[in-house]
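**Student:** Please find one structure pasted underneath; my questions will follow.
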Amino acid sequence: MSKPPPKAITKAMRNADGFRFDMIERLFFAYRDFTRDPDIVLQEYGFGRAHHRVLYFVNRTPGIRVADLLTTLNITKQSLARVLKQLIDTDFIVQNTSSLDRRERLLYPTEKGRNLAIELSRSQSRRIESALDDLGPAGADAAKRFLYLLINEADKETVERLEEI
């Protein structure tokens, strides 16, 4: 004889519980909508968000070392290997050996990879520009600062380096 299931909780968590559900929910919905258009394009290739992230950072930093990409994405070698193999096999990324250290693998976008990265970023950039235009210059600076403050301290240097490109 099986046990009856535990009693269901019907009371919703409330802002009064001390959490910023208003901000959490806005981030959830913003991220969902921010990734919607790229997700549709990625599906046409049989790719997912992991492919998008790899393409994005390889295009932002052509010649990136695989080790640095792993650090940036904070993923395992195994996770990257599967995605990277697909992107290389389908001619979106090429992998070369470093002339300085034969153990290092360097990643570059192909023209096909650059074009896809641009296509994926276009709708996201438009969405951001529209929101920042509505905020005005001071609001745009505040939004940029807010997002920066959400980033782990260890990754802020990477963000700053990317902004210099």
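The values are calculated or read from the model by the stated rules, or taken from the named source; none is laboratory data. As the structure is a computational prediction, the values presented were derived from the model and not from experiment. Note that we place each Cβ from the backbone using ideal geometry, even for glycine, and neighbour counts take in every protein chain shown. These accessible areas exclude ligands, DNA and RNA; they are computed on the full protein's heavy atoms, side chains included. Shrake-Rupley method; radii C 1.70, N 1.55, O 1.52, S 1.80 Å.
**Student:** Round to the nearest 0.05 the FRET efficiency obtained for residue 89 and residue 148 when R0 = 45 Å and r is the Cβ-Cβ distance.
**Tutor:** Once rounded, the FRET efficiency stands at 0.80.
**Student:** Taking 22 Å as R0, compute the FRET efficiency from the Cβ-Cβ separation of residue 17 and residue 134 and round it to 0.05.
**Tutor:** 0.10
**Student:** Apply the a/c threshold of 1.5 to the C-alpha gyration tensor of region 1-118 and tell me whether it is rounded, prolate or oblate.
**Tutor:** prolate
**Student:** So what is the calculated 222 nm ellipticity per residue for the chain, using -39500 (n - 2.57) for each DSSP H run with n of 4 or more, over all residues, to the nearest 500 deg cm²/dmol?
**Tutor:** Here the helix-only value at 222 nm equals -22500 deg cm²/dmol.
**Student:** What is the gain in length, in nm to one decimal, between residue 96 and residue 76 on full extension, counting 0.36 nm per residue of separation less the C-alpha to C-alpha distance?
**Tutor:** 5.2 nm
**Student:** Going highest first, how would you order 48-59, 128-139, 29-40, 144-155 by mean Cβ packing within 10 Å?
**Tutor:** 48-59, 29-40, 128-139, 144-155
**Student:** Using the crude model of +1 on Lys and Arg Cβ and -1 on Asp and Glu Cβ, and no other charge, please compute the dipole size for the chain relative to its Cα centre, in debye to 20.
**Tutor:** Around 800 debye, computed over the chain.
**Student:** Please compute the length gained on full extension between residue 105 and residue 162, using 0.36 nm multiplied by the number of residues separating them and subtracting their Cα-Cα distance.
**Tutor:** 18.5 nm
**Student:** So, one more: Say the dipole of the chain comes from +1 at the beta carbon of Lys and Arg and -1 at that of Asp and Glu; which of 149, 116, 19 then lies farthest toward its positive end?
**Tutor:** Ranked along the dipole, the leading option is 19.
**Student:** With a 1.4 Å probe and every protein chain kept in, tell me what percent of the accessible surface of the chain is carbon plus sulfur.
**Tutor:** Heavy-atom surface of the chain belonging to carbon and sulfur, 1.4 Å probe: 55 percent.
**Student:** By how many degrees, 0 to 90 and rounded to 10, does the Cα axis of helix 111-150 deviate from the longest principal axis of the chain?
**Tutor:** Between helix and principal axis, roughly 50 degrees.
**Student:** Which whole-number percentage describes the relative contact order of region 37-148, with Cα contacts under 8 Å and a sequence gap of 6 or more?
**Tutor:** Averaging sequence separation for qualifying contacts and normalising by length gives 28 percent for region 37-148.
**Student:** Okay, next question. Of the options 9, 107, 34, report the single residue whose Cα projects farthest towards the positive end of the charge dipole of region 6-113 (beta-carbon charges: Lys, Arg +1; Asp, Glu -1).
**Tutor:** 9
**Student:** Before I look further, what does region 28-165 give for accessible area per residue, probe 1.4 Å, in whole square angstrom?
**Tutor:** Accessible surface, normalised per residue, equals 68 Å².
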